[in-house]
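Report on the following structure.
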């Protein structure tokens, strides 16, 4: 049980699992044999990668067999000519990034958990992260998959073609499906040229309304080279300075919103000057109060640390309710205002600690109530419902990049049409007729 225990709780401790058996296959053929047995005996099974998911999708909560893919951690190949990398499901994201870098290429998926999350989990949750603005979600970075189906058969779509219109693109069914339709055992990933360098700047802005207009201005000025465009509420940053040693406040006198902006420069063009000029005009217009450029790699790392440490700082500060939503870019200021009002209507002591990926409309709308943790957790359902309702009013999504898992599988029935839910159920019944693959996740109870 000591070996199983770390696999039965996600890092925030919200869900505690139960499993009589932990299996750690080392190759695809072993996964196939396991699923063939599970299919024959109608044994439920839950796949797990790095156990970094935030919605409970990787936790067995009804005594299922737990299938860890951590031993399937080989980089099978890297092709410079084809700009592809084949990684098994248990490869840690940082190791895939390193393998691409050693080949003189870039694998651009980047998120705070990259030192422990795995490629299989990234595929199964359609991971996003900080570079979606330029490179897209995991769905955009997958050229092919190897998937073991519920009956133990292996589906191999690892052709690596950029153009292939021979029928349905079946790999897309398994990206973001959280292991409910099949178990991903390997992925062929898309690589890119390495940037010649980065321009990274931390900006104090006049108000959240400035952010979207500034993004468009910078995209135009740099020819679309903006890679990351992250927004942070001052309250969220204050938690970082409070709990994370070694962090330094770039704007100690600024109490408003901040942006972390990064441009990836190709070898043929350095967009730094264009960025500086665009920011200077925004300063003259009163839209920006101050800006700090990273002059060294260490500076860049320090600025990114401020953004990436926010979830850990929130955890250290006390109870927190995470909300991972997306809305159209133009509606971000509207959502922040209406969302904060809706949260306080449920619990007057509640405060939002907002940060996220403005460039793709994704906000991590966290809620805390300092000194009132018990009241906050008691109000969880009402707060989550309020945030989701405000998101839906703006035609947004209640889950932008974390998935549904156990956290939101019932909620989607309120925000997706009956026809959409029915079609998803048909897909589930077709690919997993005995309902053995990660049961109870993603879809609401029938």
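Size check on the stretch 75-193: the Cα extents along the three principal axes, sorted descending, read 38, 29, 27 Å. In summary, the convex hull built on the alpha carbon positions of the stretch 5-68 has an orientation-averaged projected area of 4.2 nm².
For the stretch 197-308, calculate the relative contact order in percent as a whole number, restricting contacts to Cα pairs under 8 Å that are 6 or more residues apart.
Numbers: 158 pairs, mean separation 51.4, N = 112.
Rounded, it is 46 percent for the stretch 197-308.
Taken over the Cα atoms of the stretch 212-340, the convex hull encloses 131 Å³ per residue. Neighbour counting of Cβ atoms within 10 Å sorts the residues 216, 357, fewest neighbours leading, into 216, 357. With contacts taken as Cα pairs under 8 Å and at least 6 residues apart, the stretch 318-393 reaches a relative contact order of 44 percent.
For the chain, the relative contact order is 17 percent, taking Cα pairs closer than 8 Å that sit 6 or more residues apart in sequence and dividing their mean separation by the residue count.
One decimal place: the segment residue 238-residue 329 gains 30.2 nm when fully extended, by the rule 0.36 nm per residue minus the C-alpha distance. In the chain, the longest principal axis of the Cα atoms and the axis of helix 209-222 are about 90 degrees apart. Once you reduce the stretch 124-146 and the stretch 16-90 to the center of their Cα atoms, the two points are 19 Å from each other. With semi-axes defined as the square roots of five times the eigenvalues of the C-alpha gyration tensor, the equivalent ellipsoid of the stretch 318-393 measures 21, 12, 9 Å, largest first. Take the chain, connect every pair of alpha-carbon atoms lying under 10 Å apart with a spring to form a Gaussian network, then pick out the residue of 255, 124, 399 with the largest mean-square fluctuation. Result: 255 has the largest fluctuation of those listed. Helix 93-102 axis versus longest C-alpha principal axis of the chain: approximately 70°, rounded to the nearest ten.
Angle check, please: helix 380-393 long axis (alpha carbons) against the longest principal axis of the chain (alpha carbons), in degrees 0 to 90, nearest 10. Result, in degrees: 70.
Kindly provide the helix-only [θ] at 222 nm of the chain, computed as the sum of -39,500 (n - 2.57) over DSSP H runs of four or more divided by all residues, to the nearest 500 deg cm²/dmol?
One gets -10000 deg cm²/dmol as the mean residue ellipticity at 222 nm.
Please identify, among 132, 123, 283, the residue showing maximal mean-square fluctuation in a Gaussian network model of the chain using a 10 angstrom Cα cutoff. Highest fluctuation among the options: 283.
Projecting label points 7 angstrom from Cα along Cα→Cβ for residue 312 and residue 277 puts them 4.0 nm apart. In plain terms, if you count all Cα to Cα distances in the chain and split them into 10 Å steps from zero, the share in each step is 4, 20, 30, 27, 15, 3, 0 percent. For the options 361, 197, 144, a Gaussian network treatment of the chain with springs between C-alpha atoms closer than 10 Å singles out 197 as fluctuating the most. Beyond 18 Å, the tail of the calculated P(r) for the stretch 376-431 holds 41 percent of the Cα pairs.
Can you give the Rg/Rh ratio of the stretch 322-446, where Rg is from the C-alpha atoms and Rh is the Kirkwood radius?
So for the stretch 322-446, dividing Rg by the Kirkwood Rh gives 1.02.
We did not get these values from a lab; they are worked out from the coordinates using the rules stated. Here the structure is a predicted model, which means the values were calculated and not measured. Cβ atoms come from the backbone with ideal geometry, glycine included; neighbour counts cover every protein chain shown.
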